[in-house]
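The values are calculated or read from the model by the stated rules, or taken from the named source; none is laboratory data. If you're wondering where the values come from, they're calculated on a predicted model, not measured in any experiment. Methodologically, a virtual Cβ is constructed for each residue, glycine included, from the backbone with ideal geometry; neighbour enumeration extends over all protein chains shown. In case anyone asks, the SASA skips ligands and DNA or RNA and just uses the protein heavy atoms, side chains included. Shrake-Rupley method; radii C 1.70, N 1.55, O 1.52, S 1.80 Å.
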Amino acid sequence: MKKLVYMDNAATTRVRKEVLEELLPFYNDEYGNPSTVYSLAKAPKAALDLARRRVGRLINAKPEEIFFTGSGTESDNWAIIGAARARAAKGRHIITSAIEHHAVLHTCQFLEKSGYEVTYLPVNGAGIVSPEDAAKAVRPDTVLITVMFANNEIGTLQPIREIGAIAREKGILFHTDAVQALGHIPIDVTAMNIDMLSASAHKLYAPKGVGMLYVRKGVKIDNLLNGGAQERGKRPSTENVAGIAAFGKAAELAMGEMDGESNRLAALRDRLTRGLLEIPHTRLNGDPVKRLPSNVNVSFEFIEGEGILLHLDMNGICASSGSACTSGSLDPSHVLLALGLVHEKAHGSIRFSLGMFNTEDDVDAVLAVLPGIVQKLRDMSPLYEEFIKKR
Ligand SMILES: *Cc1c(COP(=O)(O)O)cnc(C)c1O
């Protein structure tokens, strides 16, 4: 059987062995509810404390500033809605970027329906927000700036520290969706002026359905959920102990491996990028340097991303066109359109996202089949035929 080549780590990751071992006991022997008083609660309670310290250390936060949630999406919703409601008396204006994940964009649109105003900052051709634009967008009634750390489609890294400094200076809360960044590139919430940060376990070799929100000490936001006293009363619901323990273990491992692993991935990324750009009429989307070590996003002119994906799948290769959340819809990616790509080019885009299980052989396997796939699809493409005739 042919080996599966999984290059969709920005969509989700495989749970690594050490993490799986950490989480299993909490489904059998150590199944106690951490909020109870008897000794069965001891191990689960200790697991929550340990995970909070481990995740906190990864971003230079105190354990008591980490709140575990049910997902990255929940964390984004909580940060934005919670901050908007807590500061409604001061104003109802929010600043974000045009290339956010839908967990942020759709939350902003939700608030627009209840009287909030949102400014969507543009990006340059490489997908980067300008801190000057952010500063210019600030109004007396601005209560929150939310700009993502690393983009999930094109991997672009944003000037977080600079945007955070602007927010801090003007007394505005600053939130960043760091779901794609946590554990993959260095984050320091203190040095980077971050008030709130969202992350998710399943993008870091831990299970789906666990997230976290960092809330800087002293920052007050409203609850999203109402219920018990868990997570210091701010995020009620019986804790996902196994998932949280797993998240902590993944964070701990990432802390030690990040430098070496990001260099290894960047070398694979560059090898893949070089090979792909040898295919004619192909462009790299996003910034060539300021990007995640794992991300390659390319547009193949004259053809559709969906067709490429199907052919890759027949060869045992998993990749993505646009983001997983939008595939199934025929709209081109809002991120690629924000870069200024015309619809046709945005349609022919593929994202490869590398991870810890990928090797040089995987990269070479993609490069062995993709030129043929692209040529085959172009041979059937009316756009390509037109282009050839005009030449
Ligand atoms: C995956 C992702 C999310 C959503 O996280 P879930 O845990 O799947 O809800 C939010 N933002 C970004 C940038 C992501 O990549």
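Can you tally the net charge around residue 218? Count Lys and Arg as +1, Asp and Glu as -1, for every other residue whose Cβ sits under 12 Å from the Cβ of residue 218. Please report the intermediate quantities before stating the final value.
Numbers: positive: 62, 216, 217, 220; negative: 64, 65, 195.
So the surrounding residues net to +1.
Can you tell me the 0 to 90 degree angle between the C-alpha axis of helix 102-112 and the longest principal axis of the chain, rounded to 10?
For 102-112 against the chain, the angle is about 70 degrees.
Treat every Asp and Glu Cβ in the chain as -1 and every Lys and Arg Cβ as +1, leave all other atoms uncharged, and give the resulting dipole magnitude about the Cα centre to the nearest 20 debye.
Details: 45 positive and 46 negative charges, 163 e Å.
About 780 debye.
Could you work out what % of the accessible surface of the chain is carbon and sulfur, using a 1.4 angstrom probe and leaving DNA, RNA and ligands out of the count? It would help to have the intermediate numbers written out before the result.
Values: 9150 of 16760 Å².
For the chain, the apolar C and S fraction of the accessible surface comes to 55 percent.
Using only Cα atoms, tell me the angle between helix 360-379 and the longest principal axis of the chain; keep it within 0 to 90° and round to the nearest 10.
The angle comes out at about 50 degrees.
To test your reading of the geometry: what angle, between 0 and 90 degrees and rounded to tens, separates the Cα axis of helix 241-277 from the longest principal axis of the chain?
Long axis of 241-277 versus the principal axis of the chain: about 20 degrees.
Heavy atoms only, probe 1.4 angstrom, no DNA, RNA or ligands counted: give me 120, 38 ranked by accessible area, highest first. Walk me through the numbers before you get to the answer.
Working: 120 75, 38 125 Å².
Putting 120, 38 in descending order of accessible area: 38, 120.
Between residue 60 and residue 367, with labels modelled 7 Å along Cα→Cβ, what's the label distance in nm to one decimal, could you check?
About 3.7 nm separates the two model spin labels.
Per DSSP H run of at least 4 residues, take -39500 (n - 2.57); add these up for the chain, divide by its residues and hand me the 222 nm value, nearest 500 deg cm²/dmol. Intermediate results must be reported in sequence, preceding the final value.
Numbers: 12 runs with 154 residues, N = 391.
Computed mean residue ellipticity for the chain: -12500 deg cm²/dmol.
Tell me, what HN-Hα J-couplings in whole Hz come from the Karplus equation 6.51 cos²θ - 1.76 cosθ + 1.60 at θ = phi - 60° for each residue of region 211-218, using x for Gly and Pro?
Per-residue couplings from phi come out as x, 8, 10, 7, 10, 4, 3, x Hz.
Give the residue list of trypsin sites (Lys or Arg not before Pro) in region 1-96 that are DSSP loop and have at most 13 other beta-carbon atoms within 10 angstrom. Working shown, then result.
Working: sites: 2, 3, 14, 16, 17, 42, 45, 52, 53, 54, 57, 85, 87, 90, 92; in loops: 2, 3, 14, 16, 87, 90, 92.
Passing both the DSSP loop test and the Cβ count: 2, 3, 90.
Farthest toward the dipole's positive end in the chain, which of 96, 296, 126, given Cβ charges of +1 (Lys, Arg) and -1 (Asp, Glu) about the Cα centre?
96
May I ask you to evaluate 6.51 cos²θ - 1.76 cosθ + 1.60, the Karplus curve with θ = phi - 60°, for each residue of region 173-190 and list the ³J(HN,Hα) values in order in whole Hz, giving x for glycine and proline?
Residue by residue, region 173-190 yields 6, 10, 10, 10, 7, 10, 4, 7, 9, 4, x, 9, 9, x, 9, 9, 5, 6 Hz.
Express the relative contact order of the chain as a whole percentage, based on alpha carbon pairs under 8 Å and six or more residues apart in sequence. Let's see the in-between values first.
Working: 761 pairs, mean separation 86.8, N = 391.
22 percent.
Residue 117's amide H: which non-local residues (gap 5+, or another chain) put their own amide H closer than 5 Å, with H modeled 1.01 Å from N in plane and none for Pro or chain starts?
Counting only residues 5 or more places away or on other chains, the set is 93, 94.
Skip the ligands, DNA and RNA, and give the accessible area per residue of the chain with a 1.4 Å probe, whole Å². Please report the intermediate quantities before stating the final value.
Working: 16760 Å² over 391 residues.
Per-residue accessible area for the chain comes out at 43 Å².
Find which of 337, 185, 282 sits farthest along the positive direction of the dipole of the chain, computed with +1 on the beta-carbon of Lys and Arg, -1 on that of Asp and Glu, about the Cα centre.
Value: 185.
Over the Cα atoms of the chain, compute the convex hull volume and normalise it per residue, giving Å³. List each step's numbers first, then the result.
Values: hull volume 56.3 nm³, N = 391.
It is 144 Å³ per residue.
Can you list residues from other chains, or at least 5 along the same chain, whose modelled amide H is less than 5 Å from the amide H of residue 70?
Residues meeting the amide H criterion: 211.
What is the gain in length, in nm to one decimal, between residue 283 and residue 344 on full extension, counting 0.36 nm per residue of separation less the C-alpha to C-alpha distance?
Working: separation 61, 0.36 × 61 = 21.96 nm, distance 1.28 nm.
So the extension gain works out to 20.7 nm.
Please work out how much accessible surface residue 117 shows to a 1.4 Å probe, ignoring ligands, DNA and RNA, in Å² rounded to 10.
100 Å²
Test of understanding: in a Gaussian network model of the chain with alpha carbons linked when under 10 Å, which of 39, 349, 294 would top the mean-square fluctuation ranking?
Of 39, 349, 294, the most mobile in the Gaussian network model is 39.
Using a simple spin-label model with points 7 Å from Cα along the Cα→Cβ vector, what separation in nm is obtained for residue 90 and residue 188?
So the two model labels end up 2.6 nm from each other.
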